[in-house]
Structure formats: C-alpha cells, structure tokens
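The values are calculated or read from the model by the stated rules, or taken from the named source; none is laboratory data. Predicted model, so just to flag it, every value in this text is computed and none were measured. Using ideal geometry, Cβ is built from the backbone for each residue, glycine included, and neighbour counts are taken over all protein chains shown.
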Amino acid sequence: MNELDLIETERLVLSGWTMDQVDDLVRLHGNPNVSRYLSVDGLPWSETQARKTLEGWIGLFETRKLGKLRLTRKSDGAFIGRAGYGIYPPTGEPEIGYALFEEHQGQGYAKEAASALRDWIFRDTDAPHFIGFADTRNAPSLAVLRKIGMEPTRVETEPGGLLCQFHIYERPDHD
C-alpha cells in the first residue's frame, strides 16, 4: 500500500484522493444512474461540483480523518467507486456513504467497503456511533446498510430534500 492507501479488504483498497483525480469523480457522479439518488434533482455532477466536493473530502480527511475514499479493485487496479464518511450537517455525526460505477454494482463491493469502514471507525476513532441513510427508493443501498448491521431509525427528509430511511450503528462497547 502507498501513503494514500488507508484500508485494504479482500478485493479492495480504500485510499485518499488527490485533486488530479477529479476526472474520476466526474466520471462516477456524472453518470445519471449513479447520481439519481444523491439529490432531489438527481442531476449528474458537473466538473465544478466534483472539484468542490473533492476539496471538501480531502479537507475533511486532513482535519477529522473522515471523508469519502477511492475504491480500487486489487485484482486490476480499476477505480470502481467511492465510500467513506461525511459529516451529517444537522448533527455533526459521521455518516457512511458509497457509490459505485454501474458495472460494479451488485457484486458485493459496497458491502465489503462499508463493512471495512464500520470496523475502521471504531478501531481508529472514538466515535460512539455513525449513521447512514439512503433515498427510500434506493433498495440496494438500503440493503447494504442492513447487511453491515445498521439499525433503521426513522424516515425523514434530509437537508438536501430527499426522503430517506436513516440507520444507526452504535459502537459495540458503547453504553
């Protein structure tokens, strides 16, 4: 692993981003089928939006050791998506999220990455819990949250306007 590689799983390497990788993020979130559940309008991301988001993820990692990470497949080095933690604005809680290119969906990569992130946050931070949520229409994403052991909590509209099912995962040793 190089200095940007943070987590390794059986099939994936989760690593930090650099600004020269903005085109990868544009390719991922520029796809309307990937971006459809990320905002009310579901529009693909522009280069400007991807650049601003990437700057935020890099900054979040530098300041809080959180942020969305690149997902690279070990077998061939292919960039397949992103997964990691953001900060949920209303509460400041760590919020897990992931997105994969269409051709890599349904192969267990999101669950593999999310499971590794679940274990990592409790091993390397003092977070008492983390949350996750997905658009109520996004059954595959909701299934990943359940498969990694998250408990459903409520359905509500998140700050961006999406009606989402929220989940929580409490630190195993948390009272």
**Item:** All positions within region 38-54 that are assigned to a loop (DSSP other than H, G, I, E, B), of a type in the set (G, A, S) and either in contact with a Gly (Cβ under 8 Å, 6 or more places away or on another chain) or over 18 Å from E158 (Cβ atoms) (or both)
**Value:** S39, S46
**Item:** Test result for R73, in contact with a Leu (Cβ under 7 Å, 6 or more places away or on another chain), farther than 20 Å from D126 by Cα and either modelled with pLDDT under 95 or of a type outside the set (A, V, I, L, M, F, W, C) (or both)
**Value:** yes
**Message:** If I filter region 154-175 for residues that are in contact with a Phe, Trp or Tyr (Cβ under 6 Å, 6 or more places away or on another chain) and surrounded by fewer than 16 Cβ atoms within 10 Å (Cβ to Cβ), do I get at least one hit?
**Reply:** yes
**Item:** Test for D76: is it of a type in the set (D, E, K, R), surrounded by 16 or more Cβ atoms within 10 Å (Cβ to Cβ) and not in a strand (DSSP E or B)
**Value:** no
**Request:** Hey, could you check region 117-134 for residues that are crowded, with 20+ Cβ neighbours inside 10 Å and in contact (Cβ under 8 Å) with a residue 60 or more places away in the chain and say which is farthest from R11 (Cα to Cα)?
**Result:** A134
**Complete:** Only unsatisfied item for E93, checking (1) surrounded by 16 or more Cβ atoms within 10 Å (Cβ to Cβ); (2) in contact with a Lys or Arg (Cβ under 9 Å, 6 or more places away or on another chain); (3) modelled with pLDDT of 95 or more; (4) more than 20 Å from T9 (Cα to Cα), is (2)
**Request:** Inspect all residues belonging to region 119-141 and state whether any of them is outside any helix (DSSP H, G or I), in contact with a helix residue (DSSP H, G or I) (Cβ under 7 Å, 6 or more places away or on another chain) and of a type in the set (V, I, T).
**Result:** no
